[in-house]
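Participant: Submitted below is the structure of interest, expressed as structure tokens.
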Amino acid sequence: MGNKIVYRIIDIICLLTLIGTVVWLIIYWDNMPDEIAMHYNAAGEIDRTSSKKDIIMLPIMSFLMYGIMFFVEHIPGAWNTGVKVTPENSARVYRIIRRMLAILKVVLVMTFTMMTIFSALCKSMPVWFLPVELVLIFGTIIWHIISLYRNQ
């Protein structure tokens, strides 16, 4: 499967997830409590509640972050690669960075979807959520930085 197809599939998954989250919120709206979870501590416990109308900010931020990452993903010249980009290594370097951005895009969309659903349900986040989130984000970044230095 070509890289373009993989990136399209990733974008389709992200968009379907984002749209599905909005549709779920619309359907669930009348069942949502008037006060919902809006912030969690490191253990995943609710430490701030707010009016249910404030949950609209989570999908808005999700779409905004997805859009920014989609846009940045298509402008390789704007990336700070951390390595010197030459005509000989540019294809490798840009492929590595684009893959990293695509993975991070999926992670962020899934993170905001999970936060939206748990907030709407006014439930604590699973205790594993923050550690897994940190490993996924920083692990992806570190893995790709190592890959960049090995393939420059």
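FYI, it's all coordinate maths here, none of it is from the lab. It should be emphasised that the depicted structure is a prediction, and the values quoted were computed from it without experimental measurement. Counting neighbours? That spans all protein chains shown, and the Cβs are built from the backbone with ideal geometry, glycine included.
Participant: Check the straight Cα-Cα distances from LYS105 and name the lysines below 16 Å, setting aside those fewer than 8 residues away within the same chain.
Facilitator: Within reach: LYS4.
Participant: Let me ask something else about it. As a test of the formula, what do you get for the chain when each DSSP H run with n ≥ 4 contributes -39,500 (n - 2.57) and the sum is divided by the residue count, at 222 nm and rounded to the nearest 500 deg cm²/dmol?
Facilitator: Per the formula, -22500 deg cm²/dmol.
Participant: If each residue's Cβ is checked for other Cβ atoms within 10 Å, how do PHE71, PHE118 rank with the fewest at the top?
Facilitator: With the fewest neighbours first, PHE71, PHE118 line up as PHE71, PHE118.
Participant: Set the Förster radius R0 to 25 Å, insert the Cβ-Cβ distance between ARG92 and ARG8 as r into 1/(1 + (r/R0)^6), and round the FRET efficiency to 0.05.
Facilitator: Efficiency, rounded to the nearest 0.05: 0.70.
Participant: Would you mind calculating the gained length between MET61 and VAL132 on full extension (0.36 nm times residue separation, minus the Cα-Cα distance), in nm to one decimal?
Facilitator: 23.5 nm
Participant: Against the longest principal axis of the chain, how steep is helix 57-73, in degrees 0 to 90 to the nearest 10, with axes from Cα atoms?
Facilitator: 10
Participant: Can you sort SER119, SER147 so the residue with the fewest Cβ neighbours within 10 Å comes first?
Facilitator: Ordered by Cβ neighbours within 10 Å, fewest first: SER147, SER119.
Participant: Right, something else. Could you tell me which GluC sites (Glu not before Pro) in the range 36-127 are loop residues by DSSP with no more than 10 other beta carbons within 10 angstrom of their beta carbon?
Facilitator: GLU88
Participant: Looking at the range 86-152, which trypsin sites (Lys or Arg not before Pro) are in a loop (DSSP not H, G, I, E or B) and have at most 15 other Cβ atoms within 10 Å?
Facilitator: Answer in residue order: LYS123.
Participant: Determine which aspartates and glutamates satisfy two conditions relative to LYS53: a Cα distance under 20 Å, and not lying fewer than 8 residues away in the same chain.
Facilitator: List returned: ASP30, ASP34, GLU35.
Participant: Please work out the FRET efficiency for the pair ILE68 and ILE26, using the Cβ-Cβ distance as r and a Förster radius of 30 Å; give the result to the nearest 0.05.
Facilitator: FRET efficiency, ILE68 to ILE26: 0.80.
Participant: Still on this structure: May I ask you to sort THR86, THR21 by Cβ crowding, counting other Cβ atoms within 10 Å and putting the fewest first?
Facilitator: Result, fewest neighbours first: THR86, THR21.
Participant: Relative to the first principal axis of the alpha-carbon coordinates of the chain, what is the inclination of helix 129-150, with its axis defined by its Cα atoms, in degrees from 0 to 90 and to the nearest 10?
Facilitator: Its long axis makes an angle of about 10 degrees.
Participant: Which log10 I(q)/I(0) values does the range 1-68 give at q = 0.12, 0.14, 0.24, 0.28 Å⁻¹ under the Debye formula, counting every alpha carbon as one identical point scatterer?
Facilitator: -0.45, -0.57, -1.08, -1.19
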